[in-house]
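Asks: I'd like to ask you about the structure that follows.
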Amino acid sequence: MGALLHPTTSLCRTCKRALPALVEAREDRSVWLSKSCPEHGAQSVRLSTDAAWYAATRAVKPVASAPRRTPRPVHFGCPFDCGACAQHGQKVRLPVVTITSACNLDCPICYVYNKNDGTWHMDVAAFRRILQHLKDDLGEVDIVNFTGGEPFLHPEFMTFLEVARDAGVHRVTICSNGLFLAKNEPLVKRLGELGARVALSFDTFDPQTDVVLQGSRLVEAKLRALDLTEKYNVDVTLIPVMTKGMNDHEVGAILRMAMERPNVRHVELHTITYTGQGGTHFDPSRSGRISMVEVLDRIAETTHGWLTREDFVSSPCAHPLCYQIAYLLLDPDGGPPVPFTRFMPREALYACLAERLYLEPSRALEDALQDAMDRLWVSDEPEAERTLKILRQLLGALFPRDRVITREEALRAAERASKAVYVHSHMDEDTFDVERLAQCCDSNCAEDGTTIPVCAYNVLYKEKEAEFMAAPRSWGERSGDVKLRRLAVLA
Amino acid sequence: MTGRLEGTRCLVTGGSRGLGRELCLAFAREGARVAFTFRRREADAEDTTLRLRALGCEPQCFQGDVADGAHAQAVVGALTRAWGGLDVLVNNAGVQHVVPLALLEEPDWDLMLNTCLKGPYLFSRAALRGMIRARKGTILNVGVFSSERIVEAPAHYAAAKAGLRGLTDALAREVGRHGVRVNMLSPGLLDVGLGRMLMPHRVEEYRAQAALGRTGTAEEVARMAVFLVSDENTFMTGARVTPDGGL
Ligand code: SF4
Ligand SMILES: [Zn+2]
């Protein structure tokens, strides 16, 4: 037995019943979550390889930002009251809209439940209602993320984009495996015209690994999709799912490509989850499981230190163990990118991220940059001069002296001067921790106005929906009358 | 109906775009004869020319650097020959450069001071010879921008602006006895120039601070300028007028 870090509520990996759980640090500094199901026995999973990092990160308090509207009563207790309920800690910052169950792949690691026969498509009217709910809740809808399935397979996909644009959504991102894009140049062109962004899954450069993780050879098609999006100025977020021993050694190469390709704005590294139609059965020993801090360390190794764990901060809009974010300034002269934390304190970067999951020009950011410039200027370190030069070029791009640019052009110039790397750690039944869930800002949005944290959605709620499951599980079956909040309080 | 500047001979420096262009157009609408200078943007200058022609005004257009004394002499000389004199000089040419001290290099300083301070001195001196002789004329100095910017009031900008105020005050005093008026117009954030480039949160901050709750338009500032340089403005000199929505 190790040292208790904290109690929480988790789920049985087999019956998904809520279970009291303990998170403990062991002698070898690893962190484990343990629980026991009366029916399916004791279960434990390693959450981290570094207890000190885990505890220090968990101690970061997210900014309190409860949702304005909580349509569901607190009845069964977390996680069975999502919608959200009044105990939820974060409003929705990343609304996710699932518009189709159709997919043109059948990835072994897929973590959502989809069925390809008898596909379901959301109708546009439903999406309009979702937008209206979001507007009521948030005032303005900054960003919407379309997912599926493969969203491009929705026969009316373009209408969804136009509706979002007409509603004034600033950023529309579309999760895609890229296959449809690779074969459909006019579509990519249209995305560029509409200013839509693509979140492209990209796990590996190695065809063998590709077959194991995604079930077929996709590298070429994905690179083609990247070329096309570059051609038509479509911004891309790369989404590699990290699996230990499979592709974690490739993270440096993926990041390097992201830095080099001008239209790749962000990389969002996911840690593998063993849930959903693929994930539940993929790799029964679950030996590929990798924790957030391991991904951070793999990044440092494979980038030879141009990006290290100290360059990351938690997101203030979520539980600190859910997102780690690093921002990097690009060197127009070709030098290695400079993480923001090398010229501003981590607290300053953290503060600048208080409003969104991504950086936007703000007073806080301006002040932090001004401080940074002064500090760099008075510093004698050789890197300081290079960084200052980069910042000077950035200001030059924002306020060119030889021409007047519009605000949109300036925003774009600012965006293009930097890139972000996220490590986003979704949960499955094994790693499920309601403390994290209750601080989630990433929610699947439904027509009836409910918003469900994506981890809860993927692990629990999506099963409810006939559209996605051939045989939906009855809801009361698992939570029954048990007041789970009481379970979380351990004897 | 005759305009408020009917037949008035006006020269605007930096008139190819932004507020400068709007000033040219407003003057032309009031019946003025208009000349303007520009440094680099030929396409913009051409555009301004076409717009002025559409208003029935055939402008004189000069390319050059306001900080070049020979250019200032040549422009004023050419206008004196063409029009027989000059009634209004608007020193509008400026530099948009936003930079903190850490990044403020000597060439930046020189460019700012040359354009925003030496330029008005050179053009004023060239124009005043004729104005004093005619015992009539008016100079309007445009304060480049207010302090709403990405990093507050860069040092070279603040220095140039303070210098321009000093120049306005001193000249007003010195040439008042010849019947020549010198004023300064310092608009707030507008829908042209910097106001179009600033990040949204900056514009929001401006709106929040302004009593009128909005940014201005070049057109309304130009209307103010029409009054300031017109004969209706008989008793104001050495003044600073700040149409800024009430900051
Ligand atoms: S995740 Fe949030 S909304 Fe869902 S039950 Fe827990 S506290 Fe309520
Ligand atoms: Zn069980």
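Asks: If you go through the range A:87-97, how many residues are touching a Lys or Arg at 6+ places or on another chain (Cβ under 8 Å) and either farther than 23 Å from A:GLU150 by Cα or part of a strand (DSSP E or B) (or both)? Walk me through how you get there before you give the answer.
Replies: Initially, the range A:87-97 is screened for residues touching a Lys or Arg at 6+ places or on another chain (Cβ under 8 Å), giving A:91, A:93.
Those still in the list that are either farther than 23 Å from A:GLU150 by Cα or part of a strand (DSSP E or B) (or both) too: A:91.
Here the count works out to 1.
Asks: Just checking, how many residues over the range B:97-140 are within 14 Å of chain A (Cβ to nearest Cβ), in contact (Cβ under 8 Å) with a residue 40 or more places away in the chain and open to solvent by 40 Å² or more (accessible area, probe 1.4 Å)?
Replies: 3
Asks: Just wondering, is there one or more residues in the range A:282-292 that are touching a strand residue (DSSP E or B) at 6+ places or on another chain (Cβ under 9 Å) and on the phi > 0 side of the Ramachandran plot?
Replies: Looking through the range A:282-292, at least one residue is touching a strand residue (DSSP E or B) at 6+ places or on another chain (Cβ under 9 Å) and on the phi > 0 side of the Ramachandran plot.
Asks: What's the total number of residues in the range A:1-14 that are more than 13 Å from ligand 2 (Cβ to nearest atom) and either part of a strand (DSSP E or B) or touching an Asp or Glu at 6+ places or on another chain (Cβ under 6 Å) (or both)?
Replies: Count: 8.
Asks: Another one. Within the range B:155-169, can one find any residue that is in a helix (DSSP H, G or I), small (Gly, Ala, Ser) and open to solvent by less than 10 Å² (accessible area, probe 1.4 Å)?
Replies: Kept after step one, since they are in a helix (DSSP H, G or I), are these residues of the range B:155-169: B:155-169.
Next, only the ones that are small (Gly, Ala, Ser) stay: B:155, B:158-160, B:162-163, B:166.
With the extra rule that they be open to solvent by less than 10 Å² (accessible area, probe 1.4 Å), the set shrinks to B:160.
Yes: the range B:155-169 contains one or more residues that are in a helix (DSSP H, G or I), small (Gly, Ala, Ser) and open to solvent by less than 10 Å² (accessible area, probe 1.4 Å).
Asks: Related question: Under 9 Å by Cβ, and 6 or more places apart or on different chains, what pairs join a residue from the range A:166-179 that is assigned by TED's automatic domain parsing to the domain that holds A:HIS154 with one that is of a type in the set (Asp, Glu) and open to solvent by less than 10 Å² (accessible area, probe 1.4 Å)?
Replies: That search, which allows pairs on different chains as well, returns A:ARG171/A:ASP235; A:THR173/A:ASP235; A:CYS175/A:GLU150; A:SER176/A:GLU150; A:ASN177/A:GLU150; A:LEU179/A:GLU150.
Asks: Regarding B:GLY69, is this residue touching a strand residue (DSSP E or B) at 6+ places or on another chain (Cβ under 8 Å) and open to solvent by 20 Å² or more (accessible area, probe 1.4 Å)?
Replies: The answer is no for B:GLY69.
Condition check ((1) more than 14 Å from chain A (Cβ to nearest Cβ); (2) aliphatic (A, V, I, L, M)) across all residues:
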position	(1), (2)
B:LEU11	yes, yes
B:PHE27	yes, no
B:ALA32	yes, yes
B:ALA35	yes, yes
B:GLU42	no, no
B:ALA45	no, yes
B:VAL90	yes, yes
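Asks: Residues that are more than 14 Å from every other protein chain (Cβ to nearest Cβ), in a loop (DSSP other than H, G, I, E, B) and either under 22 Å from A:TRP53 (Cα atoms) or acidic (Asp, Glu) (or both): does the range A:352-365 have at least one?
Replies: Yes, because at least one residue in the range A:352-365 is more than 14 Å from every other protein chain (Cβ to nearest Cβ), in a loop (DSSP other than H, G, I, E, B) and either under 22 Å from A:TRP53 (Cα atoms) or acidic (Asp, Glu) (or both).
Asks: Moving on. Quick one: which residue in A:ARG68, A:ARG17, A:ARG72 is open to solvent by 60 Å² or more (accessible area, probe 1.4 Å), more than 18 Å from A:CYS322 (Cα to Cα), touching a residue at least 60 places away in the same chain (Cβ under 8 Å) and within 16 Å of ligand 2 (Cβ to nearest atom)?
Replies: Working: A:ARG68 fails: within 16 Å of ligand 2 (Cβ to nearest atom); A:ARG72 fails: within 16 Å of ligand 2 (Cβ to nearest atom).
Matching residue, one of A:ARG68, A:ARG17, A:ARG72: A:ARG17.
Asks: Test A:ARG29 against the stated conditions and say whether it is away from ligand 1 (no atom under 16 Å from the Cβ), in contact with a helix residue (DSSP H, G or I) (Cβ under 8 Å, 6 or more places away or on another chain), part of a loop (DSSP other than H, G, I, E, B) and open to solvent by 30 Å² or more (accessible area, probe 1.4 Å). Steps first, please.
Replies: Numbers: away from ligand 1 (no atom under 16 Å from the Cβ): yes; in contact with a helix residue (DSSP H, G or I) (Cβ under 8 Å, 6 or more places away or on another chain): yes; part of a loop (DSSP other than H, G, I, E, B): yes; open to solvent by 30 Å² or more (accessible area, probe 1.4 Å): yes.
Spelling it out, A:ARG29 is indeed away from ligand 1 (no atom under 16 Å from the Cβ), in contact with a helix residue (DSSP H, G or I) (Cβ under 8 Å, 6 or more places away or on another chain), part of a loop (DSSP other than H, G, I, E, B) and open to solvent by 30 Å² or more (accessible area, probe 1.4 Å).
Asks: Only one of these conditions is not met by A:HIS40: (1) within 16 Å of ligand 2 (Cβ to nearest atom); (2) in contact (Cβ under 8 Å) with a residue 40 or more places away in the chain. Which number is it?
Replies: Failed condition: (2).
Asks: Right, something else. Restricting attention to the range A:180-196, does a residue exist that is open to solvent by 30 Å² or more (accessible area, probe 1.4 Å), touching a strand residue (DSSP E or B) at 6+ places or on another chain (Cβ under 8 Å) and in contact (Cβ under 8 Å) with a residue 40 or more places away in the chain?
Replies: The answer is no; no qualifying residue exists.
Asks: Right, another one. Select from the range A:1-14 the residues that are under 14 Å from A:VAL459 (Cβ atoms) and crowded, with 17+ Cβ neighbours inside 10 Å and write down the one among them that is farthest from ligand 1 (Cβ to nearest atom). First the steps, then the outcome.
Replies: Taking the range A:1-14 as the starting set, the residues that turn out to be under 14 Å from A:VAL459 (Cβ atoms) are A:9-14.
From what is left, the residues that are crowded, with 17+ Cβ neighbours inside 10 Å are A:9-13.
Working: A:THR9: 9, A:SER10: 13, A:LEU11: 12, A:CYS12: 17, A:ARG13: 19 Å.
Per the stated criteria, the residue is A:ARG13.
Residue-by-condition table, conditions (1) part of a helix (DSSP H, G or I); (2) outside the structural domain of A:PRO262 (by TED's automatic domain parsing); (3) of a type in the set (A, V, I, L, M, F, W, C):
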site	(1), (2), (3)
A:GLU383	yes, yes, no
A:GLY396	yes, yes, no
A:PRO400	no, yes, no
A:ARG412	yes, yes, no
A:ALA420	no, yes, yes
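The values are calculated or read from the model by the stated rules, or taken from the named source; none is laboratory data. Computed from a predicted structure; not experimentally measured. Positions of Cβ are generated from backbone atoms using ideal geometry, with glycine treated the same way; all protein chains shown enter the neighbour counts. Heads up: the accessible areas ignore ligands, DNA and RNA and are worked out on the full protein's heavy atoms, side chains in. Shrake-Rupley method; radii C 1.70, N 1.55, O 1.52, S 1.80 Å.
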